[in-house]
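Nothing in this text is a laboratory measurement; each read-out follows from the coordinates by a stated rule. Because the structure is predicted, anything quoted here is derived from the model rather than measured. A quick note on method: Cβ atoms are made from the backbone with ideal geometry, for glycine too, and the neighbour counts reach across all protein chains shown.
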Amino acid sequence: MKVYVSNYLSRSISILDYSTLEFERDIKLDENIYPHNFCIDNRQQLAYIPSSLDGELYVLDLSIGKIIDNISIGGKLTNIALCNDELFISNEDSNSIYILDVKTSNPIGVIGVDNMPHGFDIDSINNRLYVACINSIICIDTISKSICKKIDTDFKSWHIKLDRNKKEIYTSTLDGKVVVIDEESLKIIKIIDEFLLPVQICFNYEAKKIYVADMGYKKVIILDYDTGEVLDYINIDGDPQGIQISNDYKLLFISDTKNNLIKVYNTSDNTLIKNIEVGKEPTTILCM
């Protein structure tokens with residue numbers, strides 16, 4: 001297993017060895033590719049990188065470390081997800097979700113959504129894509145390629161994460177909240193006001209904890225999975241943005257965009273295990 005990290009300012013993808021936590025290599029991208037979010041097709045060893053700078057989707061062959069294709073979409077591309085051999089890409093300029101067939105690189109369609117679609121997450125079992133727009137949460141049926149439901153909100157949705165056990169949606173907001181929403185009804189369950197600028201979220205189902213990277217407080221805030229109450233903090237001494245938990249729930253990976261580090265913590269006692277130097281301004285972390 002590998003850990004992949006997108007480095008926005010150094011325009012690169014760092015690859016770490018999961019078992020040893022050692023830096024393996026850095027794949028330098030083209031001058032105009034600024035990777036913020038990306039996804040990986042592990043079967044094909046391909047990474048798909050949307051660029052907000054030039055509106056292009058780049059295809060990176062991880063085995064040779066080279067860009068092998070690029071598709072012109074246009075606009076400010078932000079997030080991307082892979083489901084059933086289809087790519088879903090959010091475009092903040094056109095307020096839309098662009099859909100692409102990965103086998104042929106042909107466009108499938110465009111779905112218009114609300115203002116500034118940024119983060120999203122896919123329920124691959126039920127074929128649904130949940131999109132966080134600035135004043136709404138939208139559910140898209142990935143089979144019919146249509147909006148099946150939505151909720152208008154008075155908070156500024158940003159990133160989104162599905163709790164697949166409870167069938168709930170967690171969305172971090174630009175106004176310092178984490179809002180929990182029922183996945184089926186899209187009704188708000190609770191609003192947690194313990195944050196300054198929450199970004200990415202992940203779940204530790206084994207220890208029944210929720211981790212929220214807060215760039216404002218420069219901490220990872222740990223919540224009780226059942227109650228949503230704050231249990232503890234991890235002081236990052238930097239700017240935490242990306243967050244990923246290992247498959248066995250023993251390790252927590254944090255991208256520190258200020259110090260250009262991936263910080264690895266032991267989830268049993270929240271102690272720092274290792275700082276791993278990567279490129280400039282690391283953002284998204286994937287464990288594959």
_Residues to consider are VAL199, VAL278, VAL230; find the one that is under 21 Å from HIS159 (Cα atoms) and in contact with a Ser or Thr (Cβ under 9 Å, 6 or more places away or on another chain)._
VAL199
*Go through segment 203-218 and give me each residue that's buried (at least 21 other Cβ atoms within 10 Å of the Cβ) and either free of Cβ contacts under 8 Å to residues at least 24 places away in the same chain or out of contact with any Asp or Glu (no Cβ under 8 Å at 6 or more places or on another chain) (or both).*
TYR211, VAL212, ALA213, ASP214
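Give the residues of segment 97-137 that are part of a loop (DSSP other than H, G, I, E, B) and among the hydroxyl-bearing types (Ser, Thr, Tyr), sorted by residue number. Let's see the steps before the verdict.
To start, the set of residues in segment 97-137 that are part of a loop (DSSP other than H, G, I, E, B) comprises 102-106, 113-119, 124-127, 134-135.
Residues satisfying the conditions are THR104, SER105, SER124.
Strands (runs of 3 or more DSSP E) wholly in segment 223-288 with at least 1 residues that are among the basic types (Lys, Arg) - which ones? Break it down stepwise before answering.
Values: elements: 230-235, 240-245, 251-256, 261-266, 271-277, 282-287.
In segment 223-288, the matching strands (runs of 3 or more DSSP E) lie at 261-266, 271-277.
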*asked:* Looking at segment 219-239 only, could you name the residues that are under 19 Å from PRO282 (Cα atoms) and out of contact with any Asp or Glu (no Cβ under 9 Å at 6 or more places or on another chain)?
replied: LYS219, ILE234, ASN235
_Quick check on this structure: which one of SER172, SER157, SER136 is among the hydroxyl-bearing types (Ser, Thr, Tyr) and in contact with a Cys (Cβ under 7 Å, 6 or more places away or on another chain)?_
SER157
*Quickly run through segment 228-247 and pick out the residues that are more than 18 Å from ASP26 (Cβ to Cβ) and touching a residue at least 40 places away in the same chain (Cβ under 8 Å).*
GLY228, PRO240, GLN241, ILE243, GLN244, ILE245, SER246, ASN247
